[in-house]
1. Determine, from the Cβ-Cβ distance of A41 and K66 and an R0 of 30 Å, the FRET efficiency 1/(1 + (r/R0)^6), rounded to the nearest 0.05.
2. How far is helix 2-19 tilted off the main Cα axis of the chain, in degrees rounded to 10, range 0 to 90?
3. Running a GNM on the chain with Cα contacts under 10 Å, which residue among A17, A45, A63 ends up with the highest mean-square fluctuation?
4. Select from the chain those trypsin sites (Lys or Arg not before Pro) which occupy a DSSP coil region and have at most 12 other Cβ atoms within 10 Å, ordered by residue number.
5. In the Gaussian network model of the chain, springs joining C-alpha atoms below 10 Å, which of P21, P56, P48 carries the largest mean-square fluctuation?
6. If you stretched the chain out fully between V15 and R75, how much longer would it get, using 0.36 nm times the residue separation minus the C-alpha to C-alpha distance?
7. For n ≥ 4 DSSP H runs only, could you compute -39500 (n - 2.57) per run for the chain, divide by its residues and tell me the 222 nm figure to the nearest 500?
Amino acid sequence: MMIAGIIAVCVILAVLAFFLPRLSKHPERGTQKTLGLGSRAGGKAPGPLGRLFSKPFSSSSKAVGKSGTAGRRMRGHMPF
């Protein structure tokens with residue numbers, strides 16, 4: 001369920017970044033802040049479990065950042 005949610009957020013951010021590049025930065029930062037909170041909470045688990053629990057949140061945060069950047073980059077390549 002979480003994977004589907006992250007994919008949906010990435011698609012929405014990419015579309016938003018393509019059509020409204022300036023307005024897409026705030027939702028992107030908010031999403032990354034929320035995922036960072038989950039990563040920090042998961043990292044408090046003892047030993048290797050901390051790395052295991054925080055990894056999905058950190059990789060999701062990277063994916064959100066990449067999708068927003070890709071949308072803005074594609075907007076820059078458009079001829080209009």
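Just so it is clear, none of the values below were taken in a lab; they were calculated from the coordinates. Note that the structure is predicted; figures quoted are calculated from it, not measured. Don't worry about glycine lacking a Cβ; one is built from the backbone with ideal geometry, like all the others, and counts go over all protein chains shown.
1. 0.85
2. Helix 2-19 sits roughly 30 degrees off the main axis of the chain.
3. Sorting by GNM fluctuation, first place goes to A45.
4. Sites meeting the loop and neighbour criteria: R22, K44.
5. P48
6. Difference between extended and current length: 20.6 nm.
7. -29500 deg cm²/dmol
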